[in-house]
Amino acid sequence: MATFRYTSLKSGSAAGGMQTLEAPDRASALRSLMARGVTPSTLEEIKVGSTGSSAKSAAANASANSDGLVIEKSGSGGNSSAAAKVSGALAQRQSGDAKPTRRWGSSMSLADTGSFISELATAVQAGLPLVPALRTMGKAGRKPAQRAMLEHLIGKVEQGGTLAEACRTWGKPFNELLVNLIRAGEASGRLGEVLQQTAELVERDLRLRRSLLSATLYPIILLVLVAGAIIVVTAVIVPNVLKPFQGQNIDLPWPTVVVQQFANIMGSYWWVLIGLIGAAMIGLSRARATKGGRMAIDSFMLKVPLMGALIRDAAVARFTRTLGTLVRAGLPVLTALRLTSATLGNAKMRRAMDEVCEEVAGGKTIAGPLEKSGLFPPLLVQIVSLGERSGKLPELLGQAAGSLEGRTETRVKVITTVLPPVLVVFLACVVGFVVMAILLAMLQLQDIASKA
């Protein structure tokens, strides 16, 4: 029998939490701990003759887990549970570690990801050990790709790895943000709580994305219908109606001339217009693939009336909610800022956030650089400033996120309420102009016929 030394997520990583057990091998030791409801953060065999290095190993395990996270216990006398603060590097492991393998069809949608994390959070908070919780989730109706993902996670955890590392090696849908949230939850011993916060974050992000989709999809459909109606009227109906006037030496009214010329262009050069539209779409796509082009396009989008304000509010709301979740989970503020900048989506806002991170790394507060950028609303700047002074940044960020999400939903309602009638009125004006052009021409032809 071999002797193994371990620390559990519940007992923490202090020297007092180091315990031992005997088992034939590492896998048997891990299964024994899981059966007892213990999720180990470290598990290593005590080899014969290694007592001299035992103290060093214990000290190392007390300050760092297997993912390179450095944990500092920050408990003070009256607190029943000491908070764990993550103060180490969270982005990547050493260069020799395994990288995610791309699996076709293995990624889940955002809705499925939120549901998966919520189910896992419920199971962990109910007291189920991690592996049994994952196995229980696998028994439900799952797609083959999701079952494969669960088997991968279970296998990695049973081999002594952490859930965060298992998710990282799987890849999509576990991006860097989700992996680091899970890692912080495991390191702090609050995995269930952090998973619940992560599920709420994903659900709110999904709700926000759906609101933006509803705000843009319906107007786009109306625009396509309006353009199609104009093309049909001017390219098909108008030429047939104005055919009697062709070849006659008649001075047609200017509305009729305008409609007739437009109909001739559409009838003779439609292929040129289609080519120009296709070239413009390809050009925009290639421009967005370059750093300078993406910056120019995103900067322009922020200046578009109505849509620019909606894009900015949605990005800031997502940023605020994510930052609050990361800080509440125990990540250092600077690390949380760097991770959260990826959620902004807009290249100009991401560059502004990179500048904020640089200034914060230099010792400045968050509120000052945010205000200096000019891209973040004064409400967020004031709340961040108050949170930094009062030490309640996570709670105040959550309140600010709620306010910004409410403002985003209000803008969505305004756009979806105002824009469709505007497009309908525009279509009515175009059709009315065409009808007026045809009627004026017919009246003029009738007047000429009566005089003859």
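List of remarks:
- Selection count, the stretch 183-196, where residues are within 20 Å of Leu397 (Cα to Cα) and buried (at least 24 other Cβ atoms within 10 Å of the Cβ): 4
- Test for Pro255: is it surrounded by 13 or more Cβ atoms within 10 Å (Cβ to Cβ) and in contact with a Phe, Trp or Tyr (Cβ under 7 Å, 6 or more places away or on another chain): yes
- Where helices (runs of 4 or more DSSP H) fall wholly inside the stretch 306-425, the ranges with 3 or more residues that are under 26 Å from Arg209 (Cα atoms), within 19 Å of the chain's Cα centre (by Cα) and not hydroxyl-bearing (Ser, Thr, Tyr) are 307-329, 333-340, 347-361.
- Filter pass, Met281 being at pLDDT 85 or above, over 18 Å from the mean Cα position of the chain (by Cα) and among the aliphatic types (A, V, I, L, M): yes
- Total residues in the stretch 176-197 satisfying the condition of being without any contact (Cβ under 8 Å) to a residue 60 or more places away in the chain and either touching a strand residue (DSSP E or B) at 6+ places or on another chain (Cβ under 8 Å) or outside any helix (DSSP H, G or I) (or both): the figure is 0.
- Members of the stretch 371-394 that are without any contact (Cβ under 8 Å) to a residue 60 or more places away in the chain and under 19 Å from Arg328 (Cβ atoms): Ile383, Val384, Ser385, Leu386, Gly387, Glu388, Arg389, Ser390, Gly391, Lys392
- Every condition in (1) within 26 Å of Thr7 (Cα to Cα); (2) surrounded by fewer than 19 Cβ atoms within 10 Å (Cβ to Cβ); (3) in contact (Cβ under 8 Å) with a residue 40 or more places away in the chain; (4) of a type outside the set (Val, Ile, Thr) holds for Glu165 except the one numbered (2).
- Looking only at the stretch 377-426, and only at residues there that are within 20 Å of Ala309 (Cβ to Cβ) and small (Gly, Ala, Ser), the one that is surrounded by the fewest Cβ atoms within 10 Å (Cβ to Cβ): Gly406
- Of Arg210, Arg168, Arg183, all but one fail to be closer than 21 Å to Thr410 by Cα, more than 11 Å from the chain's Cα centre (by Cα) and modelled with pLDDT of 80 or more; the exception is Arg210.
- Of the residues in the stretch 220-242, not one is part of a helix (DSSP H, G or I), polar (S, T, N, Q) and in contact with a Leu (Cβ under 6 Å, 6 or more places away or on another chain).
- Filter pass, Leu334 being crowded, with 22+ Cβ neighbours inside 10 Å and hydrophobic (A, V, I, L, M, F, W, C): no
- Against the conditions (1) touching a helix residue (DSSP H, G or I) at 6+ places or on another chain (Cβ under 9 Å); (2) of a type outside the set (A, V, I, L, M); (3) free of Cβ contacts under 8 Å to residues at least 40 places away in the same chain, Thr320 satisfies every one except (3).
- A residue that is modelled with pLDDT under 85, in the same structural domain as Gln196 (by TED's automatic domain parsing) and in a helix (DSSP H, G or I) occurs somewhere in the stretch 123-136.
- Residue selected from the stretch 101-117 under the condition surrounded by fewer than 18 Cβ atoms within 10 Å (Cβ to Cβ), small (Gly, Ala, Ser) and part of a helix (DSSP H, G or I), by the criterion modelled with the highest pLDDT: Ser115
- You will find that of Ala289, Ala342, Ala361, Ala279, the residue that is over 30 Å from Val418 (Cβ atoms), surrounded by fewer than 18 Cβ atoms within 10 Å (Cβ to Cβ) and in contact with a Lys or Arg (Cβ under 8 Å, 6 or more places away or on another chain) is Ala342 and no other.
The values are calculated or read from the model by the stated rules, or taken from the named source; none is laboratory data. Computed from a predicted model, the values in this text were never measured in an experiment. Virtual Cβ from ideal backbone geometry, glycine too; neighbours counted across all protein chains shown.
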